[in-house]
Amino acid sequence: MRYPLVPLVCLSLLAGCSGNERRPSERMPVRIDDLSIPVLGGARSYMQSDREGAFLTGVVGGGDDGDSWSVGGVEVLKRVQVEWGEGVLSADRLDSARIRPYETTRYYRGGVSVGVAGLEATGGADVHGFIVRVALPRPGRVMLHVSPGGGSAGPGSGHLWAWELAGGGAILLTAGEDCSVTQDGVVLDGAGKATFLLCALGPGADRGIASVLYGRADSLLAARRLRMQALLNASYFDTSDDTLDLAVHWMMLALDGLMVDRRDTFAVSGLPWDGSIDVRDNAQSIAGLGLATGDFQRTAAILRSLSRYQDTLRRSPSYGRLPDRIVNGRPSYEGADVTPWFVRELYDQVVNTEDTTLLSALYPVITKSIDGTLRTHADRFNFLVHGPRETWMKGVARGNRAAEVQVLWYFQQMIGRFAASYLADTVALRRWEDLPEKTARNFTLLFADTAARTLADHLEADGTRSPEIRPNGVMCLELVDEEAIRHGVTRTAVAGLLSGEGVRTLAPSDPRFDRSGGKAGGEYNGPVWTWLAGPLSYALTRYDRQDVSYLLTRKMAALALGSGMAGTLPEMFDPSPAGRRASLTGMAEFIRSVYQDYFGVRVDLAGGTFVLQPKLPASLPMVQFTVYAGSFPIEVEYRKTSENTRLHLNAPTLPKEMRVNLLWMMENGDAWRGSFRLRGGAPVAIVLGDDDAVLYEGDSRGELEGKRKLKGFSQKKEAGDLSPAP
């Protein structure tokens, strides 16, 4: 119902809304050189990738200053060193450094600079390369020393140094036709600057490619730099928080760099990398990878690659499962949650892209996965029964029915039923008819403690609820009927697990708590895992407590920029000695949380809907970003001022209209709800005030469908105190 004064207030609102205010702000192009991270003291590490399995990594400053190079998970170079003037340029002569996504440059006292930069598109999966660029204050003799990771000296020729790798192939080094070859490198005399090329070749590759790449080095470097910059502008991201912007830009490029296109397409789960495929981490990260780069063709290729390793032997106890890990093409099936994660992310992929061809192709994977679980891994409650160490916390025993595994199993069945309906598989539909509801019903019955308002982390084999406080409960909110229990789970996680560094894996009150993770399995008994910040942020934003969750998000952003491997999140927060750097799940979940939890974006191209339910913290009054519905960009801007709030949307190439469902939470706890149509090439602006919400399509005023002002809609008060413990 509209109040009599609303039309007058609306006229006042419109009078203050100029034509310029109905148009989005200008988008300033992202410049990749603005992502530069200076190193003025201490040590920082970096990572560069050719997206074909070669990783150039190194430490800048500190006692371990140096670079190494791995190909396919095997270290082929332990160190490269430049010699000039007084000897080898070492850390004690370092003045400063600068880490960019495409090049790391060290500046030494005396005016020498050394840059290392990886190459892309070098000519095939068996050809990898990077360059070392040296600038000298005056002409002189400069030499590059190389320390290979294994193998033996090979036959060099003329200006080409060679090292035969133990597994076949070779490392080649050249500095052009003017260089001379020594026992451990190449030399240039009388040079004011020098460019050295290192090339790794697979067995049988033509060694003449080294000279070709040397001649193309500058153009390959420029192309790589421009490709990275184009990615950032295509997946545009700009907010009023410069730290968040810089961290997101770096993580977008880091996630892009972890992608590998070989016989299988997959993402490396972290560095150092041993050459294996972590299927759980890949399956869990599909949504974040797609949001980060908009490259849904690549995420579809990952899903297809992983699906090829499903256990299809009907007599196997792991029939229907996808492996948790693939080593040298050999899968192991020790993860109960991997296949449910895969099915859930496959569904999101299809919904985002309307790729029904992918759904049809992988539907047999879904059917085998559900039927295999029902045959050998389901109990009378229709819970997924698993081994005690078959969850993501594989280092600790968690009974035989972990909470988050049941939620994933529930969604796996729901998605299977949806896919069966879409593809008209009536036999499977009848077989699975009431199973998801049975899982949900029994989950509340057996996992929930209504008196304590908590969820068990897992059930033991005898049905006993585990009392330990772990973060897995916040992943289960969709399967809990009672709001009081959802509140309790979130409060318990905040009070017991949230620290200044992030989300712990076990509450400090537990006698097994091990903050450093030094004991066997200790990495799951206390240390902070970075990816867990995402599920907790989701839970907190549900209750409009983004003021709490954004402190955690900001901490993660500062961590990526201020310590460790530049621009990345590690698997675990220090001081844990374990864990990988440049964590796939940590960064993918960070990106997912920003877009979905704070920006409130859900794309359903298949269903023709686009959901916007932002939960912006007060410190983030302006955001501009691009998301993709399939291959079609949607440009979005939110801008809050003291007078009103403005939303701008534009989808210049959208092939069919989408219904946008909007729910905007106001600062006072009220909310505006409504929907409208978004058409290709027809920009939309919405102006929200305390008393009305006005829609513009171009310069023409429209109307939000189903517009409602929801008084006191926020759950912030009902949720109670969700502040972290001191």
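Bear in mind that the values in this text are calculations on the coordinates, not laboratory data. Please read all numbers here as calculations on a predicted model, not as lab measurements. Glycine also receives a Cβ, built like all others from the backbone with ideal geometry; neighbour counts cover every protein chain displayed.
Some points to look at:
- Translational diffusion of the chain, estimated by Stokes-Einstein from the Kirkwood radius over alpha carbon pairs at 25 °C in a medium of 0.890 mPa s, is 89 µm² per second.
- Overall, the ratio between the Cα radius of gyration of the range 40-230 and 2.2 N^0.38 Å, rounded to two decimals, is 0.96.
- Coupling constants for the range 326-343 follow from the phi torsions by the Karplus curve (6.51 cos²θ - 1.76 cosθ + 1.60, θ = phi - 60°), and in residue order they are 10, 10, 6, x, 9, x, 10, 10, 10, x, 6, 8, 5, 5, x, 4, 4, 5 Hz; glycine and proline get x.
- Cα-Cα P(r), the range 456-506, percent of pairs per 10 Å interval: 24, 51, 23, 2
- The value obtained for the range 417-458, namely the Cα convex hull volume divided by the number of residues, is 77 Å³ per residue.
- Over the range 415-521, the Kirkwood radius and the radius of gyration, each from Cα atoms, give a ratio Rg/Rh of 1.10.
- Calculated FRET efficiency for the pair T243/S96, C-beta based, R₀ 22 Å, to 0.05: 0.55
- Folded to 0 to 90 degrees: helix 403-422 orientation relative to the chain principal axis, Cα: 80 degrees
- FRET efficiency for D274 and R27, using Cβ-Cβ distance with R0 set to 45 Å, rounded to 0.05: 0.65
- Principal-axis analysis of the Cα atoms of the chain puts helix 533-542 at an angle of about 20° to the longest axis.
- Mean projection area, nm², convex hull over Cα of the range 240-598: 17.1 nm²
- Length available on full extension from S509 to Y422: 0.36 nm per residue minus the Cα-Cα distance, which gives 26.5 nm.
- Fraction in percent of alpha-carbon pairs per bin - 5 Å, the range 257-353: 2, 14, 26, 26, 19, 9, 3, 1, 0
- Ellipsoid semi-axes in whole angstrom, largest first, where each is sqrt(5λ) of the Cα gyration tensor of the range 579-656: 23, 21, 10
- When each of the peptides 596-603, 106-113 is scored by the mean number of other C-beta atoms lying within 10 Å of its residues, the order from highest to lowest reads 596-603, 106-113.
- 25 °C / 0.890 mPa s Stokes-Einstein diffusion coefficient of the range 343-462, Kirkwood radius on C-alpha pairs, µm²/s: 160 µm²/s
- Listed residues V76, S45, L89: farthest to the positive end of the dipole of the range 40-230 (Cβ charges): S45
- 3J(HN,Hα) along the range 347-362: 4, 4, 4, 5, 5, 5, 10, 6, 8, 6, 5, 5, 4, 5, 5, 9 Hz, from the Karplus curve 6.51 cos²θ - 1.76 cosθ + 1.60 with θ = phi - 60°, whole Hz, x for Gly and Pro.
- Tail weight of P(r) past 21 Å, computed on alpha-carbon pairs of the range 180-297, percent: 59 percent
- Under 30 Å from the Cα of K717 - lysines, other chains or at least 8 residues apart: K555, K615, K640, K707, K709
- Global size of the range 144-240 as Cα Rg and Dmax, reported in angstrom: 17.1, 57
- At the listed q of 0.09, 0.13, 0.23 Å⁻¹, the Debye profile of the range 497-626, built from one uniform point per Cα, gives log10 I(q)/I(0) equal to -0.29, -0.57, -1.33.
- Taking the longest Cα principal axis of the chain as reference, the axis of helix 242-258 is set at about 70 degrees.
- Dipole of the chain [Lys/Arg +1, Asp/Glu -1 at C-beta], most positive-end residue of M143, A448, G399: A448
- Every helix of 4 or more DSSP H residues in the chain counts as -39500 (n - 2.57), and over all residues that averages to -9000 deg cm²/dmol at 222 nm.
- Isotropically averaged projected area of the range 458-548, using the convex hull of Cα atoms (one quarter of hull area), nm²: 6.6 nm²
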